[in-house]
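Written out below as structure tokens is the structure these notes cover.
The values are calculated or read from the model by the stated rules, or taken from the named source; none is laboratory data. In this text the structure is predicted, and so the values were computed from the model without any measurement. All Cβ positions, even for glycine, are placed from backbone atoms using ideal geometry, and neighbour counts span all protein chains on display.
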Amino acid sequence: MIRAIIIDDEPLAIDALEIILKRKCGNDVQVIATSNSPKLGKSLIEEYHPDLIFLDIEMPGMSGIDLVQSFSNPTFRVVFITAFDAYAIEALRLSAMDYLLKPVETDDIINVVAKIKSEIRKNENLLGTQIQNLEKLLTQTGVASESRIGIAMADKIVFINISDILYCEAKGVYTNIYLYNGKKILASKPLGDFESQLSIHKFFRIHHSTLINLNHIKEFQRFNGGYVVMQNNEKLEVSHRKRKDFLDAINDLVV
């Protein structure tokens with residue numbers, strides 16, 4: 001039996017993957033722990049010594065690649081989970097890394113589990129070399145740099161990981177940016193500028209004054225007009241005009 005841990009900052013993605021593994025790969029894979037925090041995920045790996053990690057690439061605070069590289073001699077296998085663009089997917093393929101594309105498909109999970117099972121039987125683990133190749137290829141394609149953004153403030157420009165942004169909120173001609181670590185940045189640009197730049201990174205404008213990171217939704221409540229609960233437990237209204245488009249946007253995350 002392959003002992004597995006799932007690490008992904010999207011709780012819905014964890015649930016979807018865990019359900020498919022139990023239903024379709026239950027004889028081969030046992031999910032022993034899950035985490036939506038890379039820091040906690042690292043602790044779980046150290047505690048449980050799993051055979052396999054299903055690992056999101058882009059997470060706030062620490063990327064999946066950084067997490068793997070924090071182990072000097074990893075003995076576990078890794079299947080990366082990604083919503084990256086075609087260039088990053090090609091980098092994963094060329095580096096011979098196992099990966100799943102979001103939203104994950106049942107057949108893809110079954111196939112990757114069969115491959116990992118075969119590798120474990122043969123005692124093959126090329127993870128160290130694969131990670132080095134992947135990092136080099138991602139840098140060459142420019143994907144790594146696209147995961148950061150410079151925020152112009154009144155007195156300086158700060159650079160942050162896009163995945164660290166929970167949501168953006170209009171404040172007149174300025175924008176408040178709320179981060180995963182609890183901090184808030186007042187940007188000297190209007191919300192529309194951020195919508196234009198971040199929409200390709202799974203951000204959605206749920207209200208004329210609110211732009212959210214879909215990866216950080218904790219719940220969607222249908223009642224009282226509809227609102228989302230973010231990872232920091234903040235409740236944000238979904239406007240009636242935006243509701244249908246919002247439901248379409250999150251449809252791929254729903255099992």
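Would you check which residues across the range 36-51 are charged (D, E, K, R) and either over 14 Å from Val78 (Cβ atoms) or assigned to a helix (DSSP H, G or I) (or both) and list them?
Lys39, Lys42, Glu46, Glu47
Of all residues in the range 208-234, how many are assigned to a strand (DSSP E or B) and either modelled with pLDDT of 95 or more or aliphatic (A, V, I, L, M) (or both)?
7
If I ask for residues that are of a type in the set (Phe, Trp, Tyr) and touching a Gly at 6+ places or on another chain (Cβ under 8 Å), which ones from the range 163-187 would you list?
Selection gives Tyr180 alone.
Which one of the conditions (1) in contact with a strand residue (DSSP E or B) (Cβ under 9 Å, 6 or more places away or on another chain); (2) of a type outside the set (Ser, Thr, Tyr); (3) at pLDDT 85 or above does Ile120 fail to meet, given that it meets all the rest?
(3)
Rundown of residues vs (1) surrounded by 15 or more Cβ atoms within 10 Å (Cβ to Cβ); (2) not aliphatic (A, V, I, L, M), yes/no style:
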{"position": "Leu179", "(1), (2)": "yes, no"}
{"position": "Lys218", "(1), (2)": "yes, yes"}
{"position": "Gly225", "(1), (2)": "no, yes"}
{"position": "Met230", "(1), (2)": "yes, no"}
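Applying the selection to the range 38-81, what residues are within 18 Å of Ile165 (Cα to Cα) and either in the same structural domain as Ile162 (by TED's automatic domain parsing) or of a type in the set (Ser, Thr, Tyr) (or both)?
Ser63 - this is the single residue of the range 38-81 that is within 18 Å of Ile165 (Cα to Cα) and either in the same structural domain as Ile162 (by TED's automatic domain parsing) or of a type in the set (Ser, Thr, Tyr) (or both).
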